[in-house]
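Just so it is clear, none of the values below were taken in a lab; they were calculated from the coordinates. Remember, predicted model here, so these are calculated numbers, not experimental data. Note that we place each Cβ from the backbone using ideal geometry, even for glycine, and neighbour counts take in every protein chain shown.
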Amino acid sequence: MLSQNNIFEVCLLTMIIHFIGIISLSARIVGIRTKKLASSFSIFNIIILISQFSSSIQSPLLAKSIESQIINGLPPNNITFRLIIFSATIGSCLGILAFPTGHRFMAKGVDSLYYHKSIFKVLMKSIRSSTLTHFRKSLTIPRIENLIRLRHYKDISVKMILLNILVNGFITVSVLSCLYAGFLNPNLRTTALSLNGISVGVGVVGMLLFVEPYNATLTDKVLDGSVSEAFFRKFLTFVVIARMIGTIAAQFLLIPLAQLIIKIAEII
């Protein structure tokens, strides 16, 4: 069984990963406002790097603990899996709350990168008391009037919102389903874990083929003036909410996906 320390560490890392996943979307707003889209994406890449580092720690930590449970003949602790997925939902909710602060705070980093042309210099210059002052000035919460505007959704692509929910649901639960599959057939647990690439791939392919191209095209349309910034901000609000809902949908995807993975493992 996972120790309490391991549960806490995995849940914390999961929260960080999904928090950063939400905040990283604010780079698009920063790029539009500053007219420095490429510089914004450079900052975006650094943020995603932090997320990937957290993920690289989370996966082995979780896999080792689950492996010990299987070796000792212990049944899967569904509460632990559900708790980890719930921590993804919490991280997403915190990301939504911090979203307005994120793009305000990131704007200065983009301007600094544009001037210094070096991420390293930007990071070094951020270690100052003025950075904390800037963060305090940037600190804000989502406004009620912005949430009220969400009632007008007829111009929003429902298909894209549903796709964001589904894609993020698969990404959230991919590694967990592979680990859970190991409990369904312990003899194939290594094969099931190696199929992580397939389960993650479903979400990633959906993200790269459908979600990101749509977001990129919409961003370009804002820059050329054919789409308003207000509409783009509203669309992104729906997207971040959809991704949070995706983590909730992951609760229902966990076991069915694990069953599918073990069937694939049995076939190959």
Residue-averaged [θ]222 nm for the chain, counting only DSSP H segments that reach four residues, each worth -39500 (n - 2.57) = -28000 deg cm²/dmol
Listing Ile50, Ile85, Ile96 from the residue with the fewest other Cβ atoms within 10 Å to the one with the most, what is the order?
-> Ile50, Ile96, Ile85
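So for Lys154, Lys137, fewest C-beta neighbours within 10 Å to most, what's the order?
On the way: Lys154 6, Lys137 11.
Fewest-to-most Cβ neighbours within 10 Å comes out as Lys154, Lys137.
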Alpha carbon Rg of region 186-251, scaled by the compact-globule rule 2.2 N^0.38 Å | 1.58
Each residue of region 242-248 in turn: what ³J(HN,Hα) in whole Hz from Karplus with 6.51, -1.76, 1.60 and θ = phi - 60°, glycine and Pro shown as x?
-> 4, 5, 5, 4, x, 5, 6
Restricting to aspartates and glutamates and to Cα separations under 13 Å from Lys35, and discarding same-chain partners fewer than 8 apart, the set is Asp111, Asp220, Asp224, Glu229
Counted neighbours (other Cβ, 10 Å), sorted fewest up, put Arg189, Arg233, Arg143, Arg82 in the order Arg143, Arg82, Arg233, Arg189
Largest-first principal axis extents of the Cα set of region 36-183 (Å) | 58, 44, 26
How far is helix 4-23 tilted, in degrees, relative to the longest principal axis of the Cα atoms in the chain, given as a value from 0 to 90 rounded to the nearest 10?
-> 40
Lysines with Cα under 29 Å of Lys263, excluding same-chain neighbours fewer than 8 positions away | Lys64
P(r) histogram, all alpha-carbon pairs of region 125-268 included - 10 Å bins from 0, percent = 11, 28, 25, 21, 12, 3
P(r) tail for the chain, what percent of Cα pairs lie past 25 Å?
-> 49
